[in-house]
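The values are calculated or read from the model by the stated rules, or taken from the named source; none is laboratory data. Model, not experiment: these values are computed from the prediction. Because the Cβ atoms are built from the backbone with ideal geometry, glycine has one as well, and the counts that use them run over all protein chains shown.
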Amino acid sequence: MPHTERLGTISQDNWKAAFTKREFDDPVAYNHARAELQTIERSRAFDAEEIAGASKIERDAAALVRRIRNYDYDNTYGKSHDAHGHPTGKRTQGEHFLGNVDLINKTQLMKVAKRMPKGAHLHIHFNSCLPAKFLIQQARDIDAMYIRSTLPLTSQANLDASRISFMVMTYREATHVKEAHGKEHKVGLGDVFHPNYVCNRWMRYKQFQEQFELDVGNGEILEGTSGAETWLERKMVISEEEAHGTHQTSRGIWEKFNYRTQMMKGLFAYESAYRAYTRACIRDFVADSIQYAEVRPNFMSTNSLKTDDGTSSIGNEGILKIIDDELKMTLEQLQKEGKYFGGMKVIYCTPRSFKRDQIKDALDECLELKKKYKTLLCGFDLVGHEEMGNELHHFVPEFLNFQKKCKSENIDIPFLFHCGETLDVDGKVDGNLFDAVLLNAKRIGHGYAIATHPLLMEIFKERKIAIESCPISNEILGLTPVIAGHHLPILLANDVPCTINSDNATFYKSSLSHDFYQVMIGSESMSLHGWKQLAKWSLEHSCMDPEQLTSVTEEWTRRWEEFCQWIVDEYGPMLQSWEPAPGRH
C-alpha cells in the first residue's frame, strides 16, 4: 500500500487564532472560537482522512454502525441498577470481556465485526489461535498421548486447583524419570483419579478418558471422552474471577496465563496435530474475514515436535517446513473452493528468559532459516512476560551483530519486539521501548507504556513504527480493568499507527472480531471510519513484499466496499423504526 501523508501529521491549522482575544465580547464569539478549536482537532484525528474521503455508502454505513452500537446497548445489555439504586444483576456494555463475551456474541455489532474485512492480523501466538477444543479433540485417538496432574483428581478442590499437562512420548519415557546426575529410574504409570496418586506421574490419556466421571452440580454429569474434553476445555479458558478477582495481581494473572500455555504445549507438540492445526488456523482466518496473517510460533531446541508414535522428533527447520507445506496446500484448496486468503508469514520467536548464548544461537538459526524460507519467515521476536524476563538491552551485542550479518548478506529480517507491555513506567521493562526504537524495530507488540512517552510517540509516527495493540489480552492480563481504560484512544488521538490483534485468543474465548468489537464500544470516538484506518494500517505495516501487498490490498478494498453496502442493506430497514431509549443518542 503506497504511503500517503496524513492530515493529522501535516495539518498547519493555526489553532492560536481561537485565542486572539483573552476575553470574548459575547457568547456568539466565544462559541465560534470553541467550534473552531474542535474543528481543528478533528482535522488532526487519525481517521480524518478516511472521514474526509468517505463515499456516500461509507457515510451511511458509519451512521448505521453508531446506531447498531446503541441498539445493542438497549436490547442486549441491561441496567446494572434499578430506579431505586438496587443492583439488577444484569451486565452492561463495556464490563469485563470475560464476563460479557456470551452477551457480546449475541449483539448485532458483533455480527458486523465478524463480517468486516480486517486486512492483516499481525500479532497472534500460533499455539493459541483456535478454540481450545480443537487440539483437545485432536488428542483423543493418539495412543502415545499421556496426561498428568499436580494433584489427585479426587475432590472438587483438587479438580479446580490441579495443573494439567500433556505429552506425546514412548512408554519408556513415560515410566522413567531422570535424576539430577543424569541416571534414570523406573517409576511406572499413575492413576490421577486414585487418592494415592503421585503428583506429576504420567497416565495414558485414553485411560483418562475411559475413567473420567465428574458431577459438576446442577444435574450435570461429565463422563467419558466427551466429559473429559468438556472439563479440559473449561480448564483451558481463563475465567473472569481469575483475571479480575479482588486479590489478583499482574504477576498472579500471568502465572495463570503461563499455566495455560504449558497445558497447551503438549497438545500442540506432535506432527498430526500441528499439521491439522495449521490448516484449520488458516481457514479460521478466512472465516473471520482476515486477508493475511503473520503468526508467532515458538522456536527453541527443547520445543521440537514428536511424531505421533512418540519415537522421533522434528526440529525447528522441520516445523517451518510443515507450516510451509500446509500453507501451500491449504491456499490451493481455498482457491479451488472460490475462497480468498492472501497468505501467511512466520515470525521467529524465542523466550526472553534465555541466556545470551542461547539468543545468539536463535538469531543464527533465524538467519539460516530465512535463507531457506525467504518468503515465509519475516521477522524476529522475544516472547514471555516482560517483567519476569530479560530486557532487550541485555541482548544488544547479539542484536547488533545479527543486524550486521543480515546487512552483509543482503537479507532483511526486521525486529518485531514485544515491549512496553507493562504499567511500570520508567522502570527497567519500560526501557524496552527505547531499545526497540534504537534497534530499528518495524513494529512493537502491545507497547502499552508508550502512551506515557510523548517523545517516543513522535518517533513512532516519524519512523512509521506501528503498534500491535491487543485490547482483550491487555485487559485480561491486568493492564486495564475494562476496555474504556485502554490506552488505544490516546495513541490514536496522537496519530500513532496502530493495528488490532487477538494475541492469545484460545485462552480468552475470543477472535480478532472480538477485539475490533471491544475497540468500537471502548471509545465513543471510534467509528466505522476508524475501523477502516486500523485495517489499512495493518496492511501498510505488514511484512508483505510489494507485489503481495498490492494484491491483498486490492482484495481488501473490494471487500470493504461490499461490506459497507451489506451494512446499509442489512441494517437500514431494521433500524428504520427503532428509537433509542431516553439518554441514548
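Structure above, values below:
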{"read-out": "Any hit, region 516-523, residues being buried (at least 24 other Cβ atoms within 10 Å of the Cβ) and free of Cβ contacts under 8 Å to residues at least 40 places away in the same chain", "value": "no"}
{"read-out": "Options 489, 497: the member that is closer than 30 Å to residue 247 by Cα and either modelled with pLDDT of 95 or more or over 15 Å from the mean Cα position of the chain (by Cα) (or both)", "value": "489"}
{"read-out": "Region 281-294, subset out of contact with any strand residue (DSSP E or B) (no Cβ under 6 Å at 6 or more places or on another chain) and in contact (Cβ under 8 Å) with a residue 40 or more places away in the chain, residue nearest to residue 515 (Cα to Cα)", "value": "288"}
{"read-out": "Filtered residues of region 139-152 (kept if farther than 22 Å from residue 257 by Cα and within 28 Å of the chain's Cα centre (by Cα))", "value": "140"}
{"read-out": "Leading residue by the ranking (farthest from residue 119 (Cα to Cα)) among those in region 1-32 that are of a type in the set (A, V, I, L, M) and at pLDDT below 85", "value": "29"}
{"read-out": "Those residues of region 326-348 which are touching a helix residue (DSSP H, G or I) at 6+ places or on another chain (Cβ under 8 Å) and either surrounded by fewer than 16 Cβ atoms within 10 Å (Cβ to Cβ) or over 12 Å from residue 297 (Cα atoms) (or both), in sequence order", "value": "326, 327, 329, 330, 331, 334, 339, 340, 341, 342, 343, 344"}
{"read-out": "Enumeration of residues in region 43-102 that are assigned to a loop (DSSP other than H, G, I, E, B), closer than 21 Å to residue 480 by Cβ and among the charged types (D, E, K, R)", "value": "91, 95"}
{"read-out": "Filter result (buried (at least 18 other Cβ atoms within 10 Å of the Cβ), more than 19 Å from residue 365 (Cα to Cα) and in contact (Cβ under 8 Å) with a residue 40 or more places away in the chain) within region 390-405", "value": "391"}
{"read-out": "Any hit, region 435-444, residues being part of a loop (DSSP other than H, G, I, E, B), at positive phi and loosely packed, with under 14 Cβ neighbours inside 10 Å", "value": "yes"}
{"read-out": "Yes/no for residue 352 being surrounded by 22 or more Cβ atoms within 10 Å (Cβ to Cβ) and within 30 Å of residue 253 (Cβ to Cβ)", "value": "yes"}
{"read-out": "Those residues of region 333-387 which are within 25 Å of residue 551 (Cβ to Cβ), outside any helix (DSSP H, G or I) and charged (D, E, K, R), in sequence order", "value": "337, 339, 345, 374"}
{"read-out": "Test: residue in region 258-271 that is closer than 17 Å to residue 135 by Cβ, without any contact (Cβ under 8 Å) to a residue 60 or more places away in the chain and buried (at least 17 other Cβ atoms within 10 Å of the Cβ)", "value": "yes"}
{"read-out": "Of all residues making up region 153-177, the number that are more than 14 Å from residue 310 (Cα to Cα), surrounded by fewer than 20 Cβ atoms within 10 Å (Cβ to Cβ) and either among the aliphatic types (A, V, I, L, M) or under 37 Å from the mean Cα position of the chain (by Cα) (or both)", "value": "12"}
{"read-out": "Enumeration of residues in region 445-460 that are outside any strand (DSSP E or B) and under 24 Å from residue 544 (Cα atoms)", "value": "447, 459, 460"}
{"read-out": "Matching helices (runs of 4 or more DSSP H) fully within region 197-281 where at least 2 residues are under 30 Å from residue 344 (Cβ atoms)", "value": "224-236, 250-268"}
{"read-out": "Boolean, residue 481 is surrounded by fewer than 22 Cβ atoms within 10 Å (Cβ to Cβ), more than 19 Å from the chain's Cα centre (by Cα), in a loop (DSSP other than H, G, I, E, B) and not hydrophobic (A, V, I, L, M, F, W, C)", "value": "no"}
{"read-out": "Residue in region 300-316 that is closer than 30 Å to residue 389 by Cβ and in a helix (DSSP H, G or I) present", "value": "yes"}
{"read-out": "Residue, nearest to residue 476 (Cα to Cα), within region 422-440, restricted to residues that are among the acidic types (Asp, Glu) and modelled with pLDDT under 95", "value": "424"}
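Each row is one residue, and each column tells you yes or no for (1) under 15 Å from residue 467 (Cβ atoms); (2) surrounded by fewer than 23 Cβ atoms within 10 Å (Cβ to Cβ).
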{"residue": "526", "(1), (2)": "no, yes"}
{"residue": "531", "(1), (2)": "no, no"}
{"residue": "542", "(1), (2)": "yes, no"}
{"residue": "547", "(1), (2)": "no, yes"}
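Here is a yes/no grid of residues against (1) part of a loop (DSSP other than H, G, I, E, B); (2) farther than 26 Å from residue 108 by Cα; (3) in contact with a Phe, Trp or Tyr (Cβ under 8 Å, 6 or more places away or on another chain):
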{"residue": "462", "(1), (2), (3)": "no, yes, no"}
{"residue": "473", "(1), (2), (3)": "no, no, yes"}
{"residue": "492", "(1), (2), (3)": "no, no, yes"}
{"residue": "510", "(1), (2), (3)": "yes, no, yes"}
{"residue": "533", "(1), (2), (3)": "no, no, yes"}
{"residue": "549", "(1), (2), (3)": "no, yes, no"}
